Amino acid sequence: MRKLIFFLFFLVLSTPIVSAQQYDLVLEGGRVMDPETGLDAVRNIGIRDGKIVRISSEALSGRRVIHATGLVVAPGFIDLHQHGQEMESQRVKALDGVTTALELEIGAPDVAQFLKTKEGHSLIHYGTSASHAAARALVFGAPLLPGEILPKSGPATDQPATPEQIMRIEQRLRSELDAGGLALGMGIQYTPGATRLEVIDMFRLAAERRVPVYTHVRSSSRVDPGSSIESVSEVIAASAISGASLHIVHINSSCLRDAPECLSMVEGARSRGLDVTIEAYPYIAGMTYINSALFNPGWQEKEGGISYGDLVLPNTGEHLTRERFDELHNSSNPQTVLVFANTQEVLDKVIPHPLVMIASDGFQGHPRNAGTYSRVLAQYVREKGTITLMDALRKMSLMPAEMLERSTPVARQKGRLQEGADADIVVFDAATISDHATFEKPMEPSVGVHYLLVAGTVVVNEGKIVPDVFPGRALPGRAALHDERSLRSP
Ligand SMILES: [Zn+2]
């Protein structure tokens with residue numbers, strides 16, 4: 001009994017101490033939105049050691065208090081598809097609300113080197129898949145040069161691999177996954193020599209290692225054989241055969257005018273129990289390297305029936321002619337080119353679809369690098385009213401986090417605005433947020449993000465990038481995490 005009295009006395013004494021507790025940072029009075037629980041209310045958020053510790057309607061005290069009245073406070077956006085990993089791109093991503101930007105479509109050519117280079121030098125969180133295209137180039141004796149992510153069109157992209165070569169590609173991919181790769185990245189259109197069986201073998205490897213396959217499918221053509229319908233069927237079949245989870249990137253540009261049909265194919269596959277997910281970006285043009293195998297003979301049809309004049313050089317706005325195309329395609333210089341192949345009408349059907357996550361495919365030279373997330377919030381939530389604010393946040397944070405959970409348990413703490421989650425948070429003005437990047441000025445930052453927190457560190461303060469803070473951390477794949485644990489345990 002005396003023990004109980006003592007305990008109650010202690011409890012009474014300690015309660016005021018707990019409620020007066022100082023947080024590292026408090027976000028006060030914002031409209032807090034969490035797509036998983038549906039919370040949409042004015043709350044205060046207490047952050048400590050990079051985590052959301054408290055969400056409350058009571059006042060909280062912190063070493064720093066940010067007044068968020070009138071602003072939306074949401075989980076930071078997770079971009080599953082970001083090629084531009086240098087600091088300039090990271091800055092415009094941060095101003096677009098992105099707290100995690102991953103290179104998953106193709107993948108860095110060397111996972112260990114990628115992770116090492118970024119450690120301690122990253123504004124936002126990062127990670128990469130293991131690259132099938134790079135592994136293939138290596139095995140064919142034409143390894144990618146530093147800074148490249150895609151091979152130039154040649155034997156390494158166009159020839160079928162022998163069984164022995166496939167074995168060596170798999171060996172390389174296994175070691176890339178061990179080094180921390182989050183998934184298997186396959187740009188099938190960039191390695192047209194890969195046979196149907198090679199694709200199935202890669203999916204089998206992914207299934208064996210329990211990681212998803214992120215893929216840019218074989219063709220965007222409207223004509224069979226080789227249509228986008230066939231290309232989407234190819235990867236859905238490989239997923240069914242192998243059991244590997246499948247993520248099809250940019251369904252907007254991979255299926256073009258047949259995107260509604262591709263969406264219904266994915267719905268069908270999912271309703272049959274297959275794990276297939278998709279993403280899109282809100283622009284009518286794509287962008288890629290002109291010397292890649294995507295522009296091998298027959299490219300006009302594979303890109304949905306376009307021609308030379310639909311190819312435009314970024315920044316200068318030069319429309320290509322046949323002669324200029326030949327010169328650039330045959331060059332070893334990896335020049336990027338904008339590909340105008342889609343319509344606004346198709347995009348307006350794709351972006352609001354409930355299965356579609358938002359991912360930017362960002363790279364310098366295309367406005368999607370800087371503007372994707374703000375553009376969806378401005379155009380689809382505010383102007384067209386075809387997506388609710390909560391659903392847009394779901395497409396930008398929770399859905400990609402859930403996708404990442406197939407690769408790493410670390411993702412369970414991301415994409416949520418909940419106690420215990422990582423303090424990756426965007427604070428923005430829903431009434432003014434908008435993209436300013438254009439095809440003429442592709443690196444123009446978005447406006448409307450007032451604050452951005454990465455692991456509890458403020459990286460955007462009053463709409464401006466905070467200099468010299470690098471709180472971004474690696475999201476390592478399951479294999480690397482497992483190795484770490486087994487190294488630590490005696
Ligand atoms: Zn792509």
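The values are calculated or read from the model by the stated rules, or taken from the named source; none is laboratory data. This one's a predicted model, so the numbers in the text were calculated from it and none came from an experiment. Neighbour counts are summed over all protein chains in view; Cβ atoms, including those assigned to glycine, are modelled from backbone coordinates with ideal geometry. The protein model used for the area step is the full one, side chains on, heavy atoms only, and it has no ligands, DNA or RNA in it. Shrake-Rupley method; radii C 1.70, N 1.55, O 1.52, S 1.80 Å.
Quick notes on this structure:
- Efficiency of FRET between E383 and S332 - r from beta-carbon atoms, R0 41 angstrom, step 0.05: 0.40
- Share of carbon and sulfur in the accessible area of the chain stands at 55%, probe radius 1.4 Å.
- Size descriptor, Kirkwood hydrodynamic radius, that averages inverse alpha-carbon separations across region 146-273, Å: 15.2
- Stretch gain in nm, segment D391-S56, where the contour uses 0.36 nm per residue and the Cα spacing is subtracted: 118.3 nm
- Under 28 Å from K441, Cα to Cα: lysines that are on another chain or at least 8 residues apart: K93, K118, K152, K349, K384, K395, K464
- Normalised by 2.2 N^0.38 Å, with N the number of residues, the alpha-carbon radius of gyration of region 332-490 equals 1.19.
- Other residues within the sphere of radius under 14 Å centred on the Cβ of I236, judged by their own Cβ, net out at -1 (K and R +1, D and E -1).
- Derived from the Cα gyration tensor, the three semi-axes of the equivalent ellipsoid of region 35-110 are 31, 14, 12 Å, largest first.
- DSSP finds beta bridges in region 260-409, and of those with both partners inside it, around 75 percent are antiparallel.
- Residue by residue, region 159-174 carries 3J(HN,Hα) couplings of 8, x, 8, 6, x, 5, 5, 4, 4, 6, 4, 5, 4, 4, 5, 4 Hz when phi is fed to the Karplus relation 6.51 cos²θ - 1.76 cosθ + 1.60 (θ = phi - 60°); x denotes Gly or Pro.
- FRET efficiency for E164 and E462, using Cβ-Cβ distance with R0 set to 51 Å, rounded to 0.05: 0.30
- Each residue of region 385-396 was assigned a 3J(HN,Hα) from its phi angle through the Karplus expression (A = 6.51, B = -1.76, C = 1.60, θ = phi - 60°), giving x, 9, 9, 6, 4, 5, 5, 4, 4, 4, 5, 9 Hz with x at Gly and Pro.
- Cα-only radius of gyration and Dmax that characterise region 398-446, units Å: 15.2, 43
- Based on DSSP H segments of at least four residues, each scored -39500 (n - 2.57), the chain has a per-residue ellipticity at 222 nm of -9000 deg cm²/dmol.
- Calculated over region 27-160: convex hull of Cα atoms, volume per residue (Å³): 144
- Projecting the alpha carbon convex hull of region 257-336 along each direction and taking the average yields 6.8 nm².
- Where the Cα pairs of region 222-277 fall when distances are cut into 10 Å bins, in %: 26, 57, 17
- Looking at the chain, the accessible area is 40 square angstrom per residue; that uses a 1.4 Å probe and ignores ligands, DNA and RNA.
- For region 67-225, the Rg and Dmax computed from alpha carbons only, in angstrom: 17.2, 62
- Kirkwood Rh and Cα Rg combined as Rg/Rh, region 407-486: 1.08
- Each of R64 and E444 was given a label point 7 Å from its Cα along the Cα-to-Cβ line. The distance between the two points is 3.0 nm.
- With 10 Å bins from 0: P(r) over region 356-406, alpha-carbon pairs, percent: 26, 48, 25, 1
- Rg to Rh quotient for the chain, alpha carbon positions, Kirkwood Rh: 1.00
- Proximity of backbone amide H atoms, modeled 1.01 Å from N, is registered between V65 and V26 at under 5 Å, excluding neighbours fewer than 5 places apart on the same chain.
- Ranking N369, G154, M390 by Cα position along the charge dipole of the chain, where only Lys, Arg, Asp and Glu carry charges on their C-beta atoms, puts M390 farthest toward the positive end.
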